[in-house]
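Just below is one structure, and these are the notes that go with it.
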Amino acid sequence: MTITELYSWLSSFINMERGLGGGPSAAAEEHFKLDRMAILSRLAGQPELSAPVIHVAGSKGKGSVTAMAAAILEKAGIKTARYMSPHVSDWRERISRGDGSFFPDTVYKKAGEALQEIYNLYVLQDNNEWPGEPTFFELMTLLFFLCARQENCKAMVVETGLGGRLDATNIVNSAVSVITIIEKEHTEYLGNTLTEIAGEKAGIIKKNRPIVSAEQEAEVLAVLQQKALELHAPFEYVTDSLNVPNMQLKGSVYRYNAALAVQAVQLAFPGIDQASIEKGLQEVTLPARFEKIISDPPFIIDGAHTPLSVKYCVETFCELFGNNGILLFGCAADKEAASMAELLLPHFSYCIVTATGSFRTSDPAAVYEAFCSVGKQIGAADDSDANNIALSCIPDTATAIDEVINLSKEKKLPVLACGSFYLAAEIRKKLC
């Protein structure tokens with residue numbers, strides 16, 4: 001079995017990342033079942049217990065926290081496995097070493113063959129107890145644990161896929177849990193209020209194991225603290241990044257995320273030295289997290305796809321490159337396009353709306369309409385030129401990318417592309 005064949009087999013299972021799942025009225029329990037993961041794990045010999053785990057959940061920044069923590073551990077000489085999603089260019093980005101490099105192909109192949117054997121045993125379970133076909137993400141998660149065990153990794157840093165309580169990764173007995181900033185997201189699965197969503201994220205907190213939390217809204221903080229109290233979990237609240245050394249990823253939000261990662265690593269592995277922390281943060285790389293893919297003029301891609309993540313993204317962009325650049329935007333059909341438009345449009349002279357590619361359903365015409373409406377409202381409210389921004393819609397993603405490149409060269413203006421990891425993947429595939 002080749003690496004490509006392994007991914008094709010995994011992709012034959014239902015993939016929630018495509019937006020499948022029954023619509024807003026469907027409860028999370030109908031789509032996410034930890035009993036499936038429990039059976040699969042038992043058949044595999046519980047590989048998730050083979051090394052200490054730092055488990056990361058949240059709405060914004062969990063990817064960068066995961067990457068930073070893993071990079072620090074790797075630089076400290078601790079053989080580390082890193083699990084993240086989604087991938088941007090290569091599915092092995094999800095399952096990698098702590099520094100982001102891939103395992104040897106033989107590791108993925110051997111673990112993949114073991115996974116197929118486990119799946120064959122799984123489908124033979126008693127029909128009265130069988131909890132249904134596993135999903136793409138559940139099988140990918142088990143593949144990660146199999147790879148980590150096979151490589152004899154001494155640490156694992158694991159990012160949740162969605163939520164926390166019922167997420168496939170939550171079979172771990174983590175040494176430390178991390179919860180990054182929480183906002184309204186995936187309300188069809190996690191609930192319609194911040195309190196409900198916080199309850200789902202708090203599901204990763206483990207008894208007597210420390211929890212590191214980002215600064216949260218009061219109602220979110222109350223939920224997390226109450227859960228920690230119930231489980232006798234020491235609660236570490238990180239509110240600043242004053243002691244974080246210089247790092248490769250730019251922007252204040254990444255410095256803050258680095259503070260979360262450092263705190264988690266020091267709790268899980270108290271002997272970590274400062275030199276390893278500094279080297280890990282200086283060398284960490286992360287596809288589609290404020291990634292510069294062209295230098296002159298700068299072209300930045302970012303997977304920001306919620307209002308809060310877009311807010312931090314545009315703040316960093318303007319901090320580095322100023323206002324009046326070019327925006328390339330595309331988001332999935334279920335995202336808050338108007339809210340993101342309000343945050344983005346005042347800072348750009350040109351905006352091109354496009355599709356996110358073919359993987360995830362998007363509606364660029366509806367997004368463009370929302371952007372036009374917001375542009376007019378902003379202009380009317382503050383008498384600015386926001387409603388005079390050059391807005392256009394180019395549904396074909398490849399054509400939109402070409403147009404942005406040409407406009408950037410002609411006007412000598414920086415570009416920010418955001419709204420979806422899948423849009424970032426299309427840009428990387430075309431330009432990198």
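Would you mind calculating the relative contact order of the stretch 198-240 from Cα pairs under 8 angstrom and at least 6 residues apart, reporting the percent as a whole number? Taking the mean separation of contacting Cα pairs over the length of the stretch 198-240, I get 52 percent.
Cβ under 11 Å from residue 394's Cβ, residue 394 left aside: what net charge do those residues give with Lys, Arg +1 and Asp, Glu -1? Local charge sum for residue 394: -3. A Cβ-based charge dipole, computed about the Cα centre of the stretch 3-283 with Lys and Arg at +1 and Asp and Glu at -1, lands at about 680 debye. Comparing 205, 95, 378 in a Gaussian network model of the chain (Cα springs below 10 Å), the most mobile by mean-square fluctuation is 378.
For the stretch 134-150, the Karplus equation 6.51 cos²θ - 1.76 cosθ + 1.60, evaluated at θ = phi - 60°, returns couplings of x, 9, 3, 5, 5, 5, 5, 5, 5, 4, 4, 5, 5, 5, 5, 5, 4 Hz by residue, with Gly and Pro reported as x.
Quick one: go through the stretch 37-79 and flag any residue whose amide nitrogen is under 15 Å from the point 7 Å out along the Cα-to-Cβ line of residue 241. Taking a point 7 Å out along Cα→Cβ of residue 241, the residues of the stretch 37-79 whose backbone N falls under 15 Å are 60-69. Farthest towards the positive end of the charge dipole of the chain, among the residues 356, 178, 325, is the Cα of 178, using unit charges on the Cβ of Lys, Arg, Asp and Glu. As a proxy for reagent exposure, ranking 213, 241, 41 by other Cβ atoms within 10 Å from fewest up yields 241, 41, 213.
Of 295, 101, 64, the residue with the greatest mean-square motion in the GNM of the chain, using alpha carbon springs below 10 Å, is 295. Using the beta-carbon distance between residue 432 and residue 320 and R0 = 22 Å, what value does 1/(1 + (r/R0)^6) give for FRET efficiency, to the nearest 0.05? Calculated transfer efficiency: 0.60.
Ordering 363, 167, 273 by the number of other Cβ atoms within 10 Å of each residue's own Cβ, fewest first, gives 273, 363, 167.
Ranked by how many other Cβ atoms sit within 10 Å of their own Cβ, fewest first, the residues 283, 5, 403 fall in the order 5, 283, 403. So for the stretch 259-333, Kirkwood radius off the Cα pairs, Stokes-Einstein at 4 °C and 1.567 mPa s: how many µm² s⁻¹? D, rounded to a whole number, is 87 µm²/s. Restricting the calculation to Cα atoms, the chain shows an Rg/Rh of 0.96 when the hydrodynamic-style radius is the Kirkwood one.
Rounded to the nearest 0.05, what FRET efficiency do residue 9 and residue 152 give with R0 = 25 Å and r taken as the Cβ-Cβ distance? Could you check?
The formula returns an efficiency of 0.50 here.
Coordinate-derived values only; no laboratory data. Just so it is clear, the model here is predicted, and its values are computed rather than measured. Backbone-built Cβ (ideal geometry, glycine too); neighbour counts: all protein chains shown.
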